Amino acid sequence: MKKRSMATLRWSLDMECPKCKTDIDLSINDDDCVYSMAIFNNKWDDLVGEEIVCEKCGHVFLLDGIFY
């Protein structure tokens, strides 16, 4: 009998602040599942226009799209 093993899924949605160039992982604060629902249901275009706030410099900008 073959032994079963569990797998772990790790994901991130990385971008750079256009003002201060800080790396931002949008998956970290996705408590309301806005990003994960769109990503894992192949509805990436639903995220176009999402407002992003850089935690480092406070710059507010819009998500233009997702490149995979």
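All of the numbers you see were taken from the coordinates with simple rules; none came from a lab. Please read these numbers as outputs of a predicted model, since none were measured by experiment. Heads up, the Cβs are rebuilt from the backbone with ideal geometry, glycines too, and the neighbour counts pull from every protein chain shown.
The HN-Hα couplings worked out from phi for the range 53-68 by the Karplus form 6.51 cos²θ - 1.76 cosθ + 1.60 (θ = phi - 60°) are 10, 6, 5, 7, 10, x, 4, 9, 8, 9, 6, 7, x, 10, 10, 10 Hz, whole numbers, x standing for Gly and Pro.
Calculated over the range 14-62, the projected area of the Cα convex hull averaged across directions stands at 3.3 nm². With K and R counted +1 and D and E -1, the other residues having a Cβ less than 10 Å from that of residue 57 yield a net charge of +2. Remark: the range 39-49, residue by residue, has Karplus-estimated 3J(HN,Hα) of 5, 7, 10, 6, 10, 4, 5, 5, 8, 4, x Hz, where x stands for each Gly or Pro and the curve is 6.51 cos²θ - 1.76 cosθ + 1.60 at θ = phi - 60°.
A cut-off of 5 Å between modelled amide H atoms, ignoring neighbours fewer than 5 places along the same chain, links residue 27 with 13. On the basis of the beta-carbon distance and an R0 of 30 Å, residue 48 and residue 7 show a calculated FRET efficiency of 0.45.
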